[in-house]
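As structure tokens, the structure follows; a few thoughts come after it.
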Amino acid sequence: MGEVLSQNEIDSLLQALSTGELDMDEMQNDNEKQVKSYDFKRPAKFSKEHLRTLEIVFEHYGRLLSTNLPVYLRKNIQVAVVNSEAVTFSEFSNALSNPVILGIINFTPLNGNIIVELAANLGYAMIDRMLGGQGNPLDKSREFSEIELTIIEKIMVICMQLLREPWRNVVDLNPVMDRIETNAQFAQVIAPNDMIAIVTLNIKIGDVEGMMNVCLPYFTLEDIMDKLNTKFWFSTMQKDTDENYQEYIESLIQRVDIPVKAVLGKSTVSVSDFANLQIGDIIRLGSKVDSELDVYVGNIRKFTALPGASKENYAVRIASVVREEE
């Protein structure tokens, strides 16, 4: 309800109109609403709030990439979100160069696919690292070979699996890698005029720097658009209890590969004897046949065991556990 004027205010207003201090036309113009242009070819389906929430999601994703990829590439990796914007898919696809690395990912249980574009120089650097090189990109771009595409697909699958945790507050994802494309013409999985949100991440592998663009179509995110706001995001964040945190750490540790070795014994030989060893030669060890072996987990003596065989393989049977105080 509008503000009610007193009789004195009404008299003052009428007097101002009669003396010309107020202009009726100006008062009417002030009440007119401003007209904004609307482009029906580019509907504003992604608000600033949506884009900001997507940036929060992929900031978390960037931290996971910088933590997990060094395990495979054995190189320091830095990831940062550069920006996010809403464009049509045709604008995105027309800006792609050849060759390009495009991961087509089925965003189950959401409808449709998303596209992850990885800069070609980053792809070459990753391939070089996986094959034992220094991680240097090529001086001149070329088409990827079948072996190189297999290596790239392995890295992209790892990156895809890391998408689950950042989206957990919004939806439980089960993404599936559909295919890898190196030609933009074969990645037309979205209508040219459909609106998409693009989140750009800057990735630095050693001295090699490039971009990763994540293309998120509106119709794929349509069912969860109401959840893409910071208020919902922070309201659903739950702090893990000590028990849940312990289970989470244990699950991570269980997936870590660590070498285990059983030491049969030790001996000292000269360099010349070692160099002239032949098949059938015998090296006398400093332990007896019936004595227990030391089993090392990494570089830590953890068990004692007895030697034996399992089917056609050599094996050991754990006899005791070496405690920390021992």
Lys pairs in the range 48-254 with Cα under 30 Å (8 or more apart in sequence, or on separate chains) total 12
To the nearest 0.05, the calculated FRET efficiency linking Ala315 and Ser145 through their beta-carbon distance, R0 being 51 Å, is 0.80
Once Asp178 and Gln134 are pulled to full extension, the length gained, defined as 0.36 nm per residue separation minus their Cα-Cα distance, is 12.8 nm
Rg/Rh of the range 260-321 (Cα atoms, Kirkwood Rh), to two decimals, equals 1.03
One finds, for Asn299 and Phe219 with R0 = 56 angstrom and r their Cβ-Cβ distance, a FRET efficiency to the nearest 0.05 of 0.55
To the nearest 0.05, the calculated FRET efficiency linking Arg63 and Leu306 through their beta-carbon distance, R0 being 45 Å, is 0.45
With 0.36 nm assigned to each residue of separation and the Cα-Cα distance removed, Leu13 to Lys154 gains 43.1 nm
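Every number in this text was worked out from the coordinates using simple rules, so none of it is lab data. It should be emphasised that the depicted structure is a prediction, and the values quoted were computed from it without experimental measurement. Note that each Cβ is placed from the backbone with ideal geometry, even for glycine, and that neighbours are counted across all protein chains shown.
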